[in-house]
Amino acid sequence: MSEASKVSFPRRTAAKARTRQRIEEAARRLFVTLGYGDATMAAIADAADIHITTLFTHFASKRELAAAIAVRAGERFGEVVTMQRAQGVPVLSFWRNQVARIAHAYERDGDGQINLGRALAGEPELLPVWYGHQRLQIDLMTDYIADELGIDPAKDRRAQMAAAMLVAGGRMAFDSWMESGRAGDLVAENERLLDAAEALLAGGLPLIRREAL
């Protein structure tokens, strides 16, 4: 193999990754502004400044593209969880900080993210995609909780139950805030529901909330 060939493959791979990222970013913008249903593959290709055949080289369908966006969000969450666990941050401190950060972002400048979530979560064909995203959150939190308690999550399901309750609490707070016309205090609503979840967990799991490191 020539030296030129050895160099070209990494460059080609990097260029492909950049194109894929540009497509995902364009799709996110159009899902927000047009809605998932009206954001056609042709419009996404135009927004990404690529030929539509190039788009289909990367993504066979709009559903596959939406799934990739969800996977990317899951990867980012996984990276945060890994970092927090490595730093020894208690799971309840991490989760409170996480939902508070997201709540502040929604209250400050949430139209884009809210519209994206509603555009995708409201599409019947994407329900498996977003169910998978939520399940990933629960799985990561299950491992986090089990590690803190020193239990085997495959044998002791309490960690999974606790994780599901915490994730559901965050979702309930968001839904309640949206139903109020975004008139309430999302951060306070999150705190209220997390307090309730912790109270329910207190009898069965010795999770202790401490200040984040």
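The values are calculated or read from the model by the stated rules, or taken from the named source; none is laboratory data. These numbers come from a predicted model, not from an experiment. Note that we place each Cβ from the backbone using ideal geometry, even for glycine, and neighbour counts take in every protein chain shown.
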Pairs with Cβ under 8 Å, 6+ apart, first in the stretch 138-153 and at pLDDT 90 or above, second assigned to a helix (DSSP H, G or I) and among the acidic types (Asp, Glu): Pro153/Asp143
Residues satisfying the stated conditions in the stretch 21-45, i.e. under 14 Å from Ile69 (Cα atoms), crowded, with 17+ Cβ neighbours inside 10 Å and of a type outside the set (Phe, Trp, Tyr): Ile23, Glu24, Ala26, Ala27, Arg28, Leu30, Val32, Ile44
Any hit, the stretch 169-178, residues being over 27 Å from Ala67 (Cβ atoms), surrounded by fewer than 19 Cβ atoms within 10 Å (Cβ to Cβ) and acidic (Asp, Glu): no
Test: residue in the stretch 74-85 that is small (Gly, Ala, Ser), in the same structural domain as Gly132 (by TED's automatic domain parsing) and at pLDDT below 90: yes
Those residues of the stretch 82-106 which are under 20 Å from Glu189 (Cα atoms), surrounded by 15 or more Cβ atoms within 10 Å (Cβ to Cβ) and among the aliphatic types (A, V, I, L, M), in sequence order: Val91, Leu92, Val99, Ala100, Ile102, Ala103
Verdict on Asp38 being at pLDDT below 90, touching a helix residue (DSSP H, G or I) at 6+ places or on another chain (Cβ under 9 Å) and either within 18 Å of Leu126 (Cα to Cα) or outside the structural domain of Leu127 (by TED's automatic domain parsing) (or both): yes
